[in-house]
Amino acid sequence: MPQLVDSFDFDGDGDLDFDDVRSAARKTWDGFLDFCFRDNVLEVAVGLIFATSFTAVANSLVSDIILPIISLLPFLSRNLEEKFLILRRGQHRSLIYNTVDQALEDGAVVWAYGNFIDKLMRFFLIAFGLFVIGKTYGWLANDNVIKRQVRCRYCRKYISDHAKRCFNCTSWQDGREEKNPEAAAASDNGS
């Protein structure tokens, strides 16, 4: 059984000296540098920076370009997020509410369906924008970012289109078990 080291005594002489502390600090620093400058950590950091900037661009695209065009439809308006329905009036029953905030301040119970529709449209438009960017990148770089998935014939879970075996049920996708069922049964009985 391995024994735990109680101190920084690396040379085993029983006393703690400056070289032991310096060696421990050096190992800790080297471990920290390995962690910080490893490829995966840098890729994640760069990915987060790109994701933040892409979110700003995608929100601007949806808010400033696409939604104003969609708001020209007769049943929508520019301030879609301000569409609401009053379920119960507030304290001042004669007051006409122009905004959701006004109704909520008065104590009314509102159903803010416009805000939900606005968020839902933003989600689908950003998702479609990401899909188009992924397809464009795949076309330009010959690197397929959007991978097609199919269902396994046996367990019906989604797997890659190019998978030879299902990682869920481990069945062969090329039909090996079906081509020679006698050999599969013999191997099962023989083992």
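Read the figures in this text as sums done on the coordinates, not as results from a lab. Everything quoted here is computed from the prediction, not taken from an experiment. Counting neighbours? That spans all protein chains shown, and the Cβs are built from the backbone with ideal geometry, glycine included.
Each Lys and Arg adds +1 at its Cβ and each Asp and Glu adds -1 at its Cβ; summed about the Cα centre, the stretch 27-146 shows a dipole of about 500 debye. For VAL110, the residues 5 or more places off, or on other chains, whose built amide H falls under 5 Å of its own are LEU87. Using the Cβ-Cβ distance between PHE54 and ARG148 with R0 set to 22 Å, the FRET efficiency from 1/(1 + (r/R0)^6) comes to roughly 0.40. For the pair LEU72 and LEU120 in one chain, pulling the backbone fully straight at 0.36 nm per residue adds 15.5 nm over the alpha carbon distance.
Ordering of 107-117, 136-146 by packing is 107-117, 136-146, highest average first (other Cβ atoms within 10 Å, averaged per residue). Taking 0.36 nm per residue of separation and subtracting the Cα-Cα distance, full extension of the segment from VAL109 to THR136 would add 5.1 nm. Put simply, the amide H of ASN144, placed in the peptide plane, has no neighbours under 5 Å, leaving out anything fewer than 5 places away on its chain. Using the alpha carbons alone, the radius of gyration of the stretch 27-146 stands to its Kirkwood radius in an Rg to Rh ratio of 1.23. Computed from backbone phi with θ = phi - 60° and the Karplus coefficients 6.51, -1.76 and 1.60, the 3J(HN,Hα) list for the stretch 105-117 is 5, 7, x, 6, 9, 10, 10, 8, 5, x, 5, 5, 5 Hz; x is used for glycine and proline.
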